[in-house]
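Chemist: Okay, handing you the structure first.
Derivation of every value follows stated rules applied to the coordinates shown; laboratory data play no part. Here the structure is a predicted model, which means the values were calculated and not measured. Glycine gets a Cβ as well: all are built from the backbone with ideal geometry, and neighbour counts include every protein chain shown.
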Amino acid sequence: MPVIIIGADTEYGPAVASALSRRHGEVRAFVTDPASAESLRGLGIKVAVGDVSDGSHIEGAAHDAYSAVLMAEAALDGRERSFAASYDGVVGAWRQGLADAGVKRLIWIGPDAIPAALATWIESAAIDTGAFTPDEAGSEAARLDDLAALEES
């Protein structure tokens, strides 16, 4: 089932993308930095470039994806965001875009808990960047995405 990584151009993004691309199935990435797209495409990943704060961009890239891996850093770092100025605004745009795209599972990768706007919406799990290296986080994201249900984790 297709999986999309929102913020694949963050510190943990390339390791997560690499781990997910080693499995059978379609992997997509959503990035803001066009320069990061080529290395992801080299892994066989379909890449969309756009504004991470625009829910309609997220929806288009995530259409019919089963899972979404959200890199918290993409909502917090210094990248340009034209549609939402705050962390909560970006998270809200992600939720709306992913809901409209029909995503069924969410894997959150960041230093904090899954934001309340996302945690109770669909099946979800979190990977704490304070406890995992990028490669470990990538392996854990692939493991979680492969589960029939996240309750098994």
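Chemist: Could you run through the stretch 102-111 and say how many residues are loosely packed, with under 13 Cβ neighbours inside 10 Å and over 20 Å from GLU59 (Cβ atoms)?
Modeler: Final tally of qualifying residues: 1.
Chemist: Filter the stretch 73-84 down to residues that are surrounded by fewer than 24 Cβ atoms within 10 Å (Cβ to Cβ) and of a type in the set (A, V, I, L, M, F, W, C), then give me how many there are.
Modeler: 3
Chemist: Among the listed residues ALA15, ALA19, ALA35, ALA62, which satisfies the condition of being surrounded by fewer than 24 Cβ atoms within 10 Å (Cβ to Cβ) and more than 20 Å from THR129 (Cα to Cα)?
Modeler: ALA35
Chemist: Next question. Go through the stretch 1-30 residue by residue and tally those that are touching a Gly at 6+ places or on another chain (Cβ under 8 Å) and of a type in the set (S, T, N, Q).
Modeler: 2
Chemist: Would a scan of the stretch 60-68 turn up a residue that is within 19 Å of PRO111 (Cα to Cα) and out of contact with any Asp or Glu (no Cβ under 7 Å at 6 or more places or on another chain)?
Modeler: The answer is yes; a qualifying residue exists.
Chemist: Could you grab the pairs with beta carbons closer than 7 Å, sequence gap of 6+ or different chains, first residue in the stretch 72-88 and farther than 8 Å from SER53 by Cβ, second one of a type in the set (Asp, Glu) and assigned to a loop (DSSP other than H, G, I, E, B)?
Modeler: ALA72/ASP112; GLU73/GLU11
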